[in-house]
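Following: one structure in structure tokens, then a few remarks.
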């Protein structure tokens, strides 16, 4: 399965208005604190991979489809992101699992030689529209972004659908940013 994603910088107020006009479903919000790790056996920056431990806390009640808890409990997930697979979007293979104890997960990573490299904090609001998740992101140190994404096996069709959703929301898909938030933060350095 591929995560097919387009991301642009955008003013959230304008996008919220358009989401209301098209009757997108508000699926709630979360705060995510992502700790990215460097590998002892290869340079993730040069291989375009990422390993992260994400702590996610719902900021309000959300639906089951957002993969977050409605009770406000923090959920921790371990995620591996493979390299980008195409030039037209931020599409990559992704593997993710929930961990029961984030301190133990950090200890396992440390024991294997993985070192924390950077932390990214995001405040996210999710909307569902036309089979896509539209996310309004406010990233500490970077500003406001909008992501349109879905999981799919057929990458090209999913990308074309994401482009159509962006256009319908008044966003220019030609302005997409393929660099991760981590990459943007490190570049601002």
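The values are calculated or read from the model by the stated rules, or taken from the named source; none is laboratory data. Note that the structure is a prediction, hence the values are computed from the model and not measured. For neighbour counting, all protein chains shown are included, and Cβ atoms are generated from backbone atoms with ideal geometry for every residue, glycine included.
Okay, here's what the table says:
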item: Residue match in segment 106-114 (condition: over 25 Å from residue 41 (Cα atoms) and either touching a strand residue (DSSP E or B) at 6+ places or on another chain (Cβ under 7 Å) or at pLDDT below 95 (or both)); result: no
item: Residue within segment 177-184 that is farther than 25 Å from residue 44 by Cβ and surrounded by fewer than 16 Cβ atoms within 10 Å (Cβ to Cβ) present; result: no
item: Test: residue in segment 61-75 that is under 16 Å from the mean Cα position of the chain (by Cα), assigned to a strand (DSSP E or B) and touching a residue at least 24 places away in the same chain (Cβ under 8 Å); result: no
item: Filter result for residue 96 (surrounded by 13 or more Cβ atoms within 10 Å (Cβ to Cβ) and under 20 Å from residue 177 (Cβ atoms)); result: no
item: Residue among 123, 95 that is touching a residue at least 24 places away in the same chain (Cβ under 8 Å), more than 18 Å from residue 6 (Cβ to Cβ), part of a strand (DSSP E or B) and touching a strand residue (DSSP E or B) at 6+ places or on another chain (Cβ under 8 Å); result: 123
item: Looking only at segment 142-176, and only at residues there that are free of Cβ contacts under 8 Å to residues at least 40 places away in the same chain and crowded, with 18+ Cβ neighbours inside 10 Å, the one that is nearest to residue 20 (Cα to Cα); result: 165
